[in-house]
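Here's the structure, in structure tokens; my notes come after.
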2 protein chains.
Amino acid sequence: MHAMTDLPAWQALMARRAAIERFDLRAAFADDPTRWTRFQLRFEDMLVDYSKHLIDGPTFDLLLDLARQAEVEALRDAMFAGEAINITEGRAVLHTALRNRSGRPVLVDGADVMPEVTVVLERLRKFSEAVRSGAWRGFTGAAITDIVNIGIGGSDLGPHMVCRALRAFADGPRAHFVSNVDPAHLVDTLADLDPRTTLFVIASKTFSTQETMTNAGAARAWLVAALGDEGAVGRHFVAVSTNEQAVRTFGIEPANMFGFWDWVGGRYSLWSAIGLPIALAVGFERFGELLVGAHAMDEHFRSAPLAANLPVVLGALGVLYGNVLGWGSHAVIPYDQRLDRFTAHLQQLDMESNGKFVGRDGQRVRWATGPVVWGEPGTNGQHAFFQLLHQGTRRVPVDFLVAARPSIAEAAMLGPEGMALVEDAHRKLLANCLAQAEALAFGKTHAEARVELERQGLDGGRLEHLLPHKVFEGNRPSTVVLYPELTPRRLGSLIALYEHKVMVQGAIWNVDSFDQWGVELGKALAGEILPELAPDAPPAVGHDASTRGLIDAIRHLA
Amino acid sequence: MHAMTDLPAWQALMARRAAIERFDLRAAFADDPTRWTRFQLRFEDMLVDYSKHLIDGPTFDLLLDLARQAEVEALRDAMFAGEAINITEGRAVLHTALRNRSGRPVLVDGADVMPEVTVVLERLRKFSEAVRSGAWRGFTGAAITDIVNIGIGGSDLGPHMVCRALRAFADGPRAHFVSNVDPAHLVDTLADLDPRTTLFVIASKTFSTQETMTNAGAARAWLVAALGDEGAVGRHFVAVSTNEQAVRTFGIEPANMFGFWDWVGGRYSLWSAIGLPIALAVGFERFGELLVGAHAMDEHFRSAPLAANLPVVLGALGVLYGNVLGWGSHAVIPYDQRLDRFTAHLQQLDMESNGKFVGRDGQRVRWATGPVVWGEPGTNGQHAFFQLLHQGTRRVPVDFLVAARPSIAEAAMLGPEGMALVEDAHRKLLANCLAQAEALAFGKTHAEARVELERQGLDGGRLEHLLPHKVFEGNRPSTVVLYPELTPRRLGSLIALYEHKVMVQGAIWNVDSFDQWGVELGKALAGEILPELAPDAPPAVGHDASTRGLIDAIRHLA
């Protein structure tokens, strides 16, 4: 195992650092007419433009060398081969097997996992088709109109994001998602639902996650109170879990339990039975297209040379900003309202994977690891935080995601001109996306701002007063990911692209991207605090004075 | 005007920097039994615990000295006095007048604005009561069941956030919000609505915001197509605007137009007529309570000594992390699902206000300004990005917001044990919130982790292998804001707290927190690109090769 800072490519990057800091996008585009074609990649019908990054040929080559010297390829190959690359948990990392359409076996400890993957997929198909066709009935005989997924983290963010993203394809029951242990989340969701036509999917591998089981218990109470019979539970609850005993005790028949495997990490689980709400909402066939799109990206990742390998290129660019230049965050801005939870999904994927200060060798890393990932859809962000992206002192690389065409089946509801209105609005969306990337990269100089103000009729003191505030430094990097339309297949490729990018970065930083020990301590402490908040508990002992004081204050206020 | 780095307090902070970097929360709590009471503030029934910050007495005093030397108080007083502290736009900054309940006049250029504020409030009261009571009817004679606010940025984020936050009090028409120019946003929202019972609120000061007018036009087409009569527009559309001519042309009677003033910035406008959706959803009386709560915070801000002044204290702590220690972002994590858009609102408030590299003196600042603000509700965040907060190499101060009691009127729907289930879930929410703050601050040492692993039966190589990954460094600061229950009044105080905190920081950084020139360039470029995307446009010229290439690619794909 390597120390990133000992690698020759890192040292060469450090030697180039002054040049990298001086790099100027205006000059780079002026000097190199091939820049646009040189720094772009095509994947199927998707175009990834990374020409507006702070790279020239030598810098880019060094970043790829860094990935190579960090043995990204070896780790990648070990992942696909089913080796236990999650070293702190001793587990294989095989979400790629869930979408493997290659016909190749995937071996874990010598056994091919593909037959069991196929069996579960077939069960998901049958079940989702039964619910969607109305063959599956609720306790009173009514068909299902609404499903409520109760899960948290990976059992929520992925399927929730996908269901929102694929709204254009939603032709099944409405999908709702309850995650937070805050009782308002469940109660506010149930307030609009009919127990006779509602199906709950309880998603918890262990069937013991505190939030999920708390909400599942309350949902069960709601159903039984409304339908007046404990026997209704089995017709309105199914489980995505591996704990058959607990599932049965809850009142769910094992036939309605869908399992997965310890080589599927929570944040990579939407491709497994955790994706059941997706299959219910848009149909199993489209869920399959999502898998196909992800598999296509897997094949690209495992076979494309590093310089033409999308996850490697995007991962390496992140290292440029996070490590060489020391920036702290990364914004992902979909110009697509239906991707409004894409960044929330990425937050888990990226920050839980690479938010680590200990390396695979057990040593404290001596370099920065994962960035803060954040963002909201455009154009909304333009009217919120883009001020800082353009004129703040914090530098933030941005990923823009945008479709060339709208996916709107219902344009006719807007009247005879409906399609023209939709196309006009979508064109504005595109124009804004491109304009933001252009503005970030090239800015507006002092001289340009002066000319503009003079044209507006300003002069003298008023002009000089305003001028510095109208300057945009530019040189702020972004990627544009452009695809024809947001389809299940394209979405699958996009998600897989980010999964592998995160893996590439973890390899460079030499962290175990597949564990999450950092979530344990808070959970344990919550277990200690919970009984101390009970109305009849004795005053809290232990803890620090602040925690004790807050417990005391809550008991006075509650 | 000052340069922050020239102030004596800044230089004293720099001299203390090594001590600040060595500061240890475990030792600080062990050494000072008064720490919990010393570093907390009460505001009405709200408790703000800032004892888990990396401060001791001398550091804290220097931070307050910095605020004092930066003349925060003078700027604050000038703001309340109606002076044109938005110097680049030459405008007063008087969102505080919108909620002024003191009876004191507020003078702008010698004229008291309070009478016109009162007139508009009275018009909002009458109109919202008419809609809520059913006295206002749609074109077909049906009462209004749903309102759709069409606005973006400040005309969306504030009222949207508040309507979600006050869901427990929602007893009027359902409120929907459409902001994005992406046509999917409007179409997906309208798909569930009935034109006969839907009222649109078009919120755009100038009535020319591209996104808002595009969506308003499409909404108008939907309504007219469904009701078959242009004359229906006046019964289903109202405006929050000052452009009477454009409003009238759209088909809205001036009697149904609600105005505001140029001393109300977009990101501070929820207290104005922009708050109409709030009054419609929860009633004008509760909208009034929101204003009362904000006013109470205003009075605190203008009168409390700096050391006991909440916005000043929280603002100064942000300077400690952003400037003295050089951290780049700030997380706001409400342990309250209904505050799920609180951080999105803060993103605009904070990043649009202080994401500036030019000072009030027109010079490029030589220090960092506003941070990246981000976050999602807890407990959800625990299952997503908390890994990085606990064990990442990026340090992020966190604000936790949490209510001691749930606000759930409908617990009975969960059956006879409904209230017990709600209270149990809410207690888990609280326990997790406190536990996260405790874990961040105090961590788990190498020795503690070893004992724990030994207790779990591990030893030898397996223990040594796992041990470093189980260590939490701790010393990660957070604030806990605790209040009895999330009421309109309390929410008003919370929002105003952050408004003033942002103002304090802008004063220290010497930026104009009230302009937003950084949003202009992208808008202008979008205007150039839009016609170039038309199917029949000639190939784009100008721009850079990347922008031209993307335009070309879109035209091929579209």
message = Quick check on the stretch A:283-311: of everything there that is surrounded by fewer than 20 Cβ atoms within 10 Å (Cβ to Cβ) and not in a helix (DSSP H, G or I), which residue is nearest to the chain's Cα centre (by Cα)?
response = A:304
query = In the stretch A:165-190, which residues are under 20 Å from residue B:191 (Cβ atoms) and either at pLDDT below 95 or β-branched (Val, Ile, Thr) (or both)?
reply = A:189
query = Any idea which of (1) part of a loop (DSSP other than H, G, I, E, B); (2) at the interface with chain A (Cβ under 7 Å from one of its Cβ atoms); (3) modelled with pLDDT of 95 or more is the one residue B:421 doesn't satisfy?
reply = (1)
ask   = Which of the residues that make up the stretch B:198-220 are surrounded by 18 or more Cβ atoms within 10 Å (Cβ to Cβ) and either among the hydroxyl-bearing types (Ser, Thr, Tyr) or assigned to a loop (DSSP other than H, G, I, E, B) (or both)?
value = B:198, B:204, B:205, B:207, B:209, B:212, B:214
task = For the stretch B:394-415, state whether one or more residues are within 7 Å of another protein chain (Cβ to nearest Cβ), surrounded by 24 or more Cβ atoms within 10 Å (Cβ to Cβ), under 27 Å from residue A:323 (Cβ atoms) and in contact with a helix residue (DSSP H, G or I) (Cβ under 7 Å, 6 or more places away or on another chain).
result = yes
query = Residue check, residue B:316 against (1) outside any helix (DSSP H, G or I); (2) out of contact with any Pro (no Cβ under 9 Å at 6 or more places or on another chain), all met but one. Which one?
reply = (1)
request  = Kindly indicate which of B:546, B:493, B:513 is among the small types (Gly, Ala, Ser), in contact (Cβ under 8 Å) with a residue 40 or more places away in the chain and within 12 Å of chain A (Cβ to nearest Cβ).
outcome  = B:513
Subset of the stretch A:532-550 (residues that are surrounded by 12 or more Cβ atoms within 10 Å (Cβ to Cβ) and on the phi < 0 side of the Ramachandran plot) = A:532, A:533, A:534, A:537, A:540, A:544, A:545, A:546, A:547, A:548, A:549, A:550
inquiry  = Contact list please: Cβ distance under 8 Å, first residue in the stretch B:31-52 and more than 8 Å from chain A (Cβ to nearest Cβ), second residue surrounded by fewer than 13 Cβ atoms within 10 Å (Cβ to Cβ) and in a strand (DSSP E or B), pairs at least six apart or on different chains.
reply    = B:48/B:42
All positions within the stretch B:321-330 that are within 21 Å of the chain's Cα centre (by Cα) and more than 7 Å from every other protein chain (Cβ to nearest Cβ) = B:321, B:322, B:327, B:330
ask   = Hey, among B:520, B:485, which residue is closer than 24 Å to residue B:153 by Cβ, surrounded by fewer than 24 Cβ atoms within 10 Å (Cβ to Cβ), of a type in the set (Asp, Glu) and more than 17 Å from the chain's Cα centre (by Cα)?
value = B:520
task = Taking only the stretch A:440-467 into account, find how many residues are without any contact (Cβ under 8 Å) to a residue 24 or more places away in the chain, touching a Phe, Trp or Tyr at 6+ places or on another chain (Cβ under 9 Å) and at the interface with chain B (Cβ under 8 Å from one of its Cβ atoms).
result = 1
Selection from the stretch B:236-273 of residues that are over 22 Å from residue B:143 (Cα atoms), more than 23 Å from the chain's Cα centre (by Cα) and among the acidic types (Asp, Glu) = B:244
remark   = Counting only helices (runs of 4 or more DSSP H) wholly inside the stretch A:473-557, the ones holding at least 1 residues that are within 30 Å of residue B:519 (Cβ to Cβ) and of a type in the set (Phe, Trp, Tyr) are A:488-509
ask   = Checking residue A:223 against (1) surrounded by fewer than 19 Cβ atoms within 10 Å (Cβ to Cβ); (2) in contact with a strand residue (DSSP E or B) (Cβ under 9 Å, 6 or more places away or on another chain); (3) closer than 18 Å to residue B:416 by Cβ, which single condition isn't satisfied?
value = (1)
ask   = Looking at the stretch A:114-133, is at least one residue on the phi < 0 side of the Ramachandran plot, assigned to a loop (DSSP other than H, G, I, E, B) and surrounded by fewer than 16 Cβ atoms within 10 Å (Cβ to Cβ)?
value = no
query = Hey, does the stretch A:21-28 have a residue that's surrounded by 19 or more Cβ atoms within 10 Å (Cβ to Cβ) and aromatic (Phe, Trp, Tyr)?
reply = no
note = Scanning the stretch A:372-383 for residues that are more than 7 Å from chain B (Cβ to nearest Cβ) and outside any helix (DSSP H, G or I) gives A:373, A:375, A:378
inquiry  = When you check residue A:476 against the structure, is it surrounded by fewer than 23 Cβ atoms within 10 Å (Cβ to Cβ), of a type in the set (Lys, Arg) and either within 24 Å of residue B:356 (Cβ to Cβ) or under 38 Å from the mean Cα position of the chain (by Cα) (or both), yes or no?
reply    = no
query = Is it the case that residue B:461 is modelled with pLDDT under 95 and of a type outside the set (Lys, Arg)?
reply = yes
message = Looking at the structure I just gave you, is residue A:82 at positive phi and away from chain B (no Cβ under 14 Å)?
response = yes
message = What's the total number of residues in the stretch B:196-213 that are facing chain A (nearest Cβ under 10 Å) and not hydroxyl-bearing (Ser, Thr, Tyr)?
response = 2
task = Write out, first by first residue and then by second, each pair whose Cβ atoms fall under 7 Å of each other, whose residues are 6+ apart or on separate chains, and whose first residue, in the stretch B:214-237, is facing chain A (nearest Cβ under 9 Å) and without any contact (Cβ under 8 Å) to a residue 40 or more places away in the chain while the second is outside any helix (DSSP H, G or I) and charged (D, E, K, R).
result = B:221/A:417
task = Answer with yes or no whether residue B:493 is surrounded by fewer than 22 Cβ atoms within 10 Å (Cβ to Cβ), among the small types (Gly, Ala, Ser) and under 25 Å from the mean Cα position of the chain (by Cα).
result = no
request  = Return the residue satisfying two criteria in turn: it lies in the stretch B:148-159 and is more than 8 Å from chain A (Cβ to nearest Cβ) and within 11 Å of the chain's Cα centre (by Cα), and of such residues it is surrounded by the fewest Cβ atoms within 10 Å (Cβ to Cβ).
outcome  = B:158
ask   = Do the conditions hold for residue B:162, that is, is it at pLDDT below 95, β-branched (Val, Ile, Thr) and either farther than 25 Å from residue B:409 by Cα or crowded, with 20+ Cβ neighbours inside 10 Å (or both)?
value = no
ask   = Considering only the stretch B:331-366, how many residues are outside any loop (DSSP other than H, G, I, E, B), at the interface with chain A (Cβ under 10 Å from one of its Cβ atoms) and over 23 Å from residue B:265 (Cα atoms)?
value = 5
key: Test: residue A:420 is surrounded by fewer than 23 Cβ atoms within 10 Å (Cβ to Cβ) and not β-branched (Val, Ile, Thr)   = yes
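The values are calculated or read from the model by the stated rules, or taken from the named source; none is laboratory data. This structure is a prediction, so every number in the text was calculated from the model and none was measured. As a convention, Cβ positions derive from the backbone with ideal geometry for all residues, glycine included, and neighbour counts pool all protein chains shown.
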